[in-house]
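Participant: Before anything else, here's the structure in question.
Nothing in this text is a laboratory measurement; each read-out follows from the coordinates by a stated rule. A quick note: this is a predicted structure, and the numbers were derived from the prediction, not measured. Note that each Cβ is placed from the backbone with ideal geometry, even for glycine, and that neighbours are counted across all protein chains shown.
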Amino acid sequence: MAAAAFLFLFAGSFAFSSHLSGNLVSASRSFSIDYKNNYFLKDGKPFQYISGSIHYSRIPRYYWKDRLVKMYMTGLNAIQVYVPWNFHEATQGVYNFTGDRDLEYFLKLANQTGLLVILRPGPYICAEWEMGGLPAWLLQKPNIILRSADTDYLDAVDNWLAVLLPKIKPWLYTNGGNIITVQVENEYGSYYACDFNYMRHLRTMFRFFLGEDVVLFTTDGNTDKEMTCGTLDGLYATVDFGTDTNISDAFKRQRRFEPQGPLVNSEFYTGWLDHWEDQHAVVDAQKVSRVLGEMLTMGANVNMYMFEGGTNFGYWNGADHDTRFRSVVTSYDYDAPLTEAGDPTDKLLAIRDVIKQFREVPSGPMPPATPKFAYGFVMLKKVGNISSLLDTISPLGPVRSEYPLTFEEMKQYYGYMLYHTTLPQDLSEPTPLISPLNGVHDRAYVSVNGVFRGLLQRDTALVMNVTGQQGDTLDILVENMGRVNFGSKINDYKGLLSNLILGKDTLTDWKIYSLDIDGTISQGWPHSDNQRFLSQQREPSVGPTFYMGTLQPNGLAWDTFLRLNGWTKGQVWINGVNLGRYWPASGPQQTLYIPGPLLSTSLPNNITLLELEGAPEHLRVLFMDRPQLNFTAGKS
Ligand SMILES: CCCCNC(=S)N1C[C@H](O)[C@@H](O)[C@@H](O)[C@H]1CO
């Protein structure tokens with residue numbers, strides 16, 4: 001008897017330890033669904049979550065705690081977090097959970113801040129993120145059917161989940177962590193495949209790795225078709241909708257699939273996304289807070305999408321393709337309660353006032369906006385056009401091919417690729433250069449003998465005129481503007497997907513240069529090669545050209561915003577970090593957010609620009625202490 005009692009006490013003592021060994025049998029912690037009383041139970045007591053979406057992949061690690069504390073001080077008791085598969089496995093079989101990818105550190109910070117977590121590990125997440133979070137290397141198999149029971153797709157998914165889910169298990173609430181629910185896939189009902197074998201496979205994998213206790217759920221848009229294809233027995237069905245949807249109708253639809261259990265709006269849109277060349281989207285703060293109050297009054301569980309949007313750094317933005325291809329802008333501000341830079345807004349204060357009616361909101365002041373600094377103008381100088389720098393940015397030289405190869409065939413998945421050939425004959429008259437199959441994915445910058453002549457653009461600019469002489473060089477820089485993240489076109493190959501026709505000639509005999517621009521710049525180029533560019537003339541160029549400059553340190557490393565007035569479209573790096581795309585000529589975004597921690601307080605800050613079209617007369621950029629948008633669509 002004594003031995004049994006001892007064992008019970010010994011086991012019991014482990015149940016209450018706080019460390020996350022993952023193999024705890026926690027006697028007191030539980031999170032489940034009470035189907036009789038239609039609410040969640042946390043440790044056996046009714047629980048209503050008031051949550052906000054935040055994406056660690058869109059915020060530098062340094063600022064994670066700052067944003068989480070502001071969410072906690074708003075009165076939230078949970079956060080909702082996507083895990084972008086391609087953020088952690090950019091190269092097949094190579095996994096990265098360090099630095100800005102340290103998911104467990106993010107979960108730990110949330111736990112320390114008193115926030116529970118609704119985790120959404122996909123494997124597909126949508127999210128206006130590159131290819132909806134799916135890694136582009138999946139496209140190595142030309143006819144892969146993404147988000148289906150396609151065996152090549154599922155093999156890759158299984159390998160990924162076998163790495164990710166064991167990391168998550170110790171963080172489940174019942175194991176001593178803060179993850180209360182886990183979403184399977186994402187709005188699967190919106191996808192054409194409607195493959196129940198795929199969803200059953202995911203359910204099996206999630207149960208195998210996470211156990212029988214965790215609440216697994218799905219989220220779908222608010223139509224019967226979406227709920228029919230997106231839901232599955234054993235996964236709690238939830239809906240998503242914004243301020244313009246009738247709440248009762250939406251929850252009646254959820255009730256048709258979940259007659260009992262808590263009401264849940266997994267994505268209550270507090271704002272919306274922006275595409276380049278479109279108007280900036282805003283959602284009224286009073287409307288958001290009013291509808292939130294109505295849902296909470298019904299006892300519904302609500303996650304506000306987004307609460308903190310952050311930034312699509314580098315090439316991580318996604319795109320949509322409804323009537324045409326539309327690339328998502330670099331800022332994921334989303335008109336959210338916390339701005340892209342993490343600053344509280346009136347919308348946040350209005351939401352906090354509503355939450356106060358339902359639960360105690362932490363006392364004490366809302367942490368203020370982080371300090372911003374206007375560092376002023378910085379003069380730039382020309383480094384050179386891409387074709388003159390290939391020895392540096394494409395050291396392995398070209399791949400020769402009769403016909404164009406895609407980014408995926410070249411095994412370069414992001415950024416830019418240079419396609420080089422020569423004019424097959426004299427073209428004394430303007431001759432149409434055409435992509436007859438709309439095969440330019442997504443934007444092609446065309447130069448003859450190093451002189452920029454114009455561009456082709458997916459869906460909207462399928463022809464341009466060229467003149468020249470036989471043998472002249474034809475350089476076509478193709479930009480991948482982000483892979484489609486929603487709908488049937490997510491298998492979004494990039495580059496020249498089909499032949500180009502010049503007059504009557506099909507262009508052949510290509511030299512295709514994979515460009516390692518990010519790797520080269522992260523090694524310190526072009527500033528490390530400064531001597532080579534000292535004499536560079538200062539007048540601007542047209543066409544894809546690199547420029548460089550230095551922001552002298554002033555002892556401050558505060559947030560700032562880069563304004564590229566008069567520049568057209570391109571990419572910018574600060575101290576080797578790819579801040580993302582700029583396109584002030586189209587808007588609506590006019591400035592790029594620079595998190596202060598990227599700057600040095602004591603060393604010169606290296607600025608590198610790749611301007612794809614045309615630089616302004618004065619080669620300068622401006623560091624401001626506030627963001628800027630243009631609210632009218634199209635040209636600024
Ligand atoms: C323009 C079509 C947008 C499709 N995406 C939709 S409906 N959304 C639902 C999706 O689950 C989420 O990840 C986000 O992508 C959100 C929009 O912010």
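Participant: For Cα pairs less than 8 Å apart in space and 6+ apart in sequence, what is the mean separation divided by the residue count of the chain, i.e. the relative contact order in percent?
Facilitator: Once normalised by length, the contact order is 14 percent.
Participant: At 0.36 nm per residue, minus the direct Cα-Cα distance, what do Ser28 and Lys108 gain on full extension? Give it in nm, one decimal, please.
Facilitator: Numbers: separation 80, 0.36 × 80 = 28.80 nm, distance 2.04 nm.
Stretched out fully, the Ser28 to Lys108 stretch lengthens by 26.8 nm.
Participant: Which of the residue pairs Lys108/Lys167; Lys381/Lys511; Lys36/Lys169; Lys382/Lys411 have a Cα-Cα distance greater than 21 Å in the structure shown?
Facilitator: Working: Lys108/Lys167 12 Å; Lys381/Lys511 29 Å; Lys36/Lys169 28 Å; Lys382/Lys411 30 Å.
Exceeds cut-off: Lys381/Lys511; Lys36/Lys169; Lys382/Lys411.
Participant: Please give every one of the lysines within straight-line cross-link reach of Lys287, meaning a C-alpha to C-alpha distance under 25 Å, and leave out same-chain neighbours fewer than 8 residues apart.
Facilitator: Straight-distance partners of Lys287: Lys70, Lys252, Lys347, Lys356.
Participant: A further question on this structure: Between Leu427 and residues 5 or more places away or on another chain, which pairs have amide H atoms under 5 Å apart, with H built 1.01 Å from N, and which residues are they?
Facilitator: Gly468, Gln469, Gln470
Participant: How about the stretch 154-252: which chymotrypsin sites (Phe, Trp or Tyr not before Pro) there are in a DSSP loop, with at most 16 other Cβ atoms within 10 Å of their Cβ? Don't skip to the answer; put the middle values down first.
Facilitator: On the way: sites: Trp160, Trp171, Tyr173, Tyr188, Tyr191, Tyr192, Phe196, Tyr198, Phe206, Phe208, Phe209, Phe217, Tyr236, Phe241, Phe251; in loops: Tyr191, Tyr192, Phe241.
Answer in residue order: Tyr192.
Participant: Right, here's the next one. Among DSSP beta bridges lying fully in the chain, give the percent that are antiparallel, nearest 5.
Facilitator: Values: 90 of 122 bridges.
Here the share of antiparallel DSSP bridges comes out near 75 percent.
Participant: Here is a follow-up. Setting aside same-chain residues fewer than 8 positions from Lys45, which aspartates and glutamates have a Cα under 15 Å from its Cα?
Facilitator: Result set, ordered by chain and number: Asp34.
Participant: Using R₀ = 51 Å, calculate the FRET efficiency as 1/(1 + (r/R₀)^6) where r is the Cβ-Cβ separation of Asp353 and Leu165; round to 0.05.
Facilitator: On the way: r = 39 Å, r/R0 = 0.76.
After rounding to 0.05, the efficiency reads 0.85.
Participant: Then there is this: Using a basic spin-label model with each label point 7 Å from the Cα along Cα→Cβ, how many nm lie between Lys381 and Met366?
Facilitator: So the label points at Lys381 and Met366 sit 4.7 nm apart.
Participant: Out of all DSSP beta bridges with both ends in the stretch 44-201, state the antiparallel percent to the nearest 5. Before the final figure, lay out the partial values.
Facilitator: On the way: 1 of 13 bridges.
Given both bridge residues lie in the stretch 44-201, the antiparallel proportion sits at roughly 10 percent.
Participant: Let me ask something else about it. Across the chain, where is the longest run that never hits trypsin sites (Lys or Arg not before Pro) in a DSSP loop with at most 14 other C-beta atoms within 10 Å?
Facilitator: Details: sites that count: Lys36, Arg324, Lys356, Arg359, Lys411, Lys489, Lys504, Arg538, Lys635.
The longest uninterrupted stretch comes out as 37-323.
Participant: Please list, in chain and number order, the residues 5+ apart from Thr238 or on another chain whose amide H is under 5 Å from its amide H, with Hs placed from the backbone.
Facilitator: Residues meeting the amide H criterion: Thr218, Thr219, Asp220.
Participant: Sort 297-308, 386-397 by packing, meaning the average of other beta carbons within 10 Å per residue, with the highest value first. Don't jump to the answer; show the numbers that get you there.
Facilitator: On the way: 297-308: 22.2, 386-397: 15.8.
Result, highest mean Cβ count within 10 Å first: 297-308, 386-397.
Participant: Shifting gears a bit: Convex hull over the Cα atoms of the stretch 44-356, averaged projected area in nm²?
Facilitator: Working: hull surface 60.4 nm².
Computing the convex hull of the Cα atoms and averaging its projections yields 15.1 nm².
Participant: Here's a follow-up. What fraction, in whole percent, of alpha-carbon pairs in the chain exceed 47 Å separation?
Facilitator: Numbers: 38076 of 201930 pairs.
The answer is 19 percent, as a whole percent.
Participant: While we're here: How big is the C-alpha Rg of the stretch 317-471 next to the rule-of-thumb value 2.2 N^0.38 Å, as a ratio? Mind showing how you got there, number by number?
Facilitator: Details: Rg = 24.5 Å, N = 155, 2.2 N^0.38 = 15.0 Å.
Scaled against compact globular proteins, the figure is 1.64.
Participant: More than 24 angstrom separation, counting every C-alpha pair in the stretch 236-367; what % is that?
Facilitator: Working: 3269 of 8646 pairs.
Percentage above 24 Å: 38.
Participant: Amide H of Gly587: which non-local residues (sequence gap of 5 or more, or other chain) have their own amide H closer than 5 Å, using H built in the peptide plane?
Facilitator: Glu277
Participant: Note down the nm distance, to one decimal, between modelled labels 7 Å out along Cα→Cβ at Lys141 and at Lys504.
Facilitator: About 4.4 nm separates the two model spin labels.
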